[in-house]
Amino acid sequence: MHDYILTLSCPDRTGIVHAVTGWLLKQQGNILEAQQYGDPETEHFFLRIHFGLPTAATPADLRERFDIVARAFNMQAQIHDAQKPARLLLLASKQGHCLNDLLFRWRAKQLAVDIVGVVSNHDTHQDMVKSYGLPYYHYPVTATTKTAQEQKVLQLVDELQVDLVVLARYMQILSPHACEVLNGRAINIHHSFLPSFKGARPYHQAHARGVKIIGATAHYVTADLDEGPIIEQDVAHVDHAMTPAALIRIGSDIESRVLARAVRLHVEHRILLNGHRTVVFR
């Protein structure tokens with residue numbers, strides 16, 4: 001059995017599921033998993049079906065066959081090969097907890113992805129990345145070289161046929177051009193339960209304000225800084241006795257977990273955009 005994942009969104013109306021499952025029946029498809037959601041506010045319908053076929057087909061061929069259904073319901077639809085791992089490029093700066101976590105999960109086969117390399121504006125993690133047998137691209141950034149450096153990153157994305165760029169605590173703001181090029185295929189981890197403390201030393205700001213929870217937010221990258229569609233969030237309860245160092249330690253653990261979950265949801269094609277929000281099928 002060869003398995004694929006169909007995701008779609010469209011204006012909600014009767015007959016959508018009947019049309020999709022009818023098409024699958026004509027393909028001799030077997031549904032392995034199906035999830036759906038109709039949003040009463042936007043009046044849009046969202047569907048994810050993991051299905052198997054008795055003979056192999058390319059996703060492009062299946063999309064062409066499905067087009068008659070998609071056009072009839074004004075669908076935005078995608079079909080993916082469920083067995084083909086996504087190709088990831090990781091971007092990091094000096095903090096390495098999220099980077100190391102993703103590399104470990106990849107090496108331990110906890111994430112079904114192909115990591116094709118790591119880009120950093122520092123050489124801090126070069127030895128660690130090379131110990132995993134991966135290429136390390138050290139692209140330093142200055143005020144005068146930022147545009148050229150970013151273009152090198154985008155060129156690398158093309159050359160390595162990258163499906164997803166993961167900003168694993170990459171402390172550089174992407175330009176509107178880069179955000180447009182990477183639209184829907186770049187995920188960032190933010191060091192707070194958004195919206196919260198922005199700027200430098202967020203955990204020190206949180207400590208000074210006496211917060212009782214800290215957290216992290218994974219979201220898609222857009223030109224609106226830290227305001228892209230949210231994919232995953234988590235929090236931990238803290239108290240008055242905890243130092244900023246303790247908050248950083250707890251926060252680093254949350255960031256790593258949240259980013260890994262967001263990456264997994266994306267590569268398993270479980271996220272559909274609903275305006276500025278996301279529909280996430282668990």
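The values are calculated or read from the model by the stated rules, or taken from the named source; none is laboratory data. Treat the numbers as computed from the prediction; the structure is a model and nothing was measured. Virtual Cβ from ideal backbone geometry, glycine too; neighbours counted across all protein chains shown. The protein model used for the area step is the full one, side chains on, heavy atoms only, and it has no ligands, DNA or RNA in it. Shrake-Rupley method; radii C 1.70, N 1.55, O 1.52, S 1.80 Å.
Odds and ends about this structure:
- Any hit, the stretch 190-213, residues being touching a Phe, Trp or Tyr at 6+ places or on another chain (Cβ under 7 Å) and buried (at least 21 other Cβ atoms within 10 Å of the Cβ): yes
- Inter-residue pairs, beta-carbon under 9 Å, first closer than 14 Å to Leu8 by Cβ and in the stretch 53-70, second open to solvent by 60 Å² or more (accessible area, probe 1.4 Å) and outside any helix (DSSP H, G or I), 6+ apart: Pro59/Gln78; Pro59/Lys84; Arg63/Gln78; Ala70/Gln76
- Condition met for Leu265 (of a type in the set (A, V, I, L, M, F, W, C), crowded, with 19+ Cβ neighbours inside 10 Å and closer than 20 Å to Val153 by Cβ): no
- For the stretch 214-225, a residue qualifies if it is open to solvent by 20 Å² or more (accessible area, probe 1.4 Å) and modelled with pLDDT of 85 or more, and the qualifying residues are Thr222, Ala223, Asp224.
- A single entry from Asp253, Asp234 fulfils the requirement of being of a type in the set (Asp, Glu), closer than 22 Å to Gln110 by Cβ, over 11 Å from the mean Cα position of the chain (by Cα) and not in a helix (DSSP H, G or I): Asp234.
- Whenever a residue of the stretch 156-177 is basic (Lys, Arg), its partners that are open to solvent by 50 Å² or more (accessible area, probe 1.4 Å) and outside any helix (DSSP H, G or I), lying with C-beta atoms within less than 8 angstrom and at least six residues away or across chains, give the pairs Arg169/Gln95.
- Within the stretch 1-56, tally of residues that are under 13 Å from Met75 (Cβ atoms), small (Gly, Ala, Ser) and either in a strand (DSSP E or B) or open to solvent by 80 Å² or more (accessible area, probe 1.4 Å) (or both): 1
- Those residues of the stretch 78-95 which are over 21 Å from Asn188 (Cβ atoms), surrounded by fewer than 21 Cβ atoms within 10 Å (Cβ to Cβ) and of a type in the set (A, V, I, L, M, F, W, C), in sequence order: Ala82
- Scanning the stretch 135-154 for any residue that is over 13 Å from Ser93 (Cα atoms), touching a residue at least 60 places away in the same chain (Cβ under 8 Å) and not in a strand (DSSP E or B) turns up at least one such residue.
- Residues being exposed (fewer than 11 other Cβ atoms within 10 Å of the Cβ) and within 18 Å of Cys98 (Cα to Cα) - total across the stretch 134-150: 0
- Of the candidates Val166, Val162, the single residue that is under 29 Å from His269 (Cβ atoms), in a strand (DSSP E or B), aliphatic (A, V, I, L, M) and within 21 Å of the chain's Cα centre (by Cα) is Val166.
- Residues located in the stretch 96-132, provided they are surrounded by fewer than 19 Cβ atoms within 10 Å (Cβ to Cβ), in a loop (DSSP other than H, G, I, E, B), of a type outside the set (A, V, I, L, M, F, W, C) and in contact with a helix residue (DSSP H, G or I) (Cβ under 9 Å, 6 or more places away or on another chain): Gln110, Tyr132
- Of all residue pairs spaced 6 or more apart or on separate chains, those with beta-carbon atoms under 8 Å, a first member in the stretch 265-278 that is of a type in the set (Gly, Ala, Ser) and a second member that is outside any helix (DSSP H, G or I) and surrounded by fewer than 19 Cβ atoms within 10 Å (Cβ to Cβ) are Gly275/Thr42.
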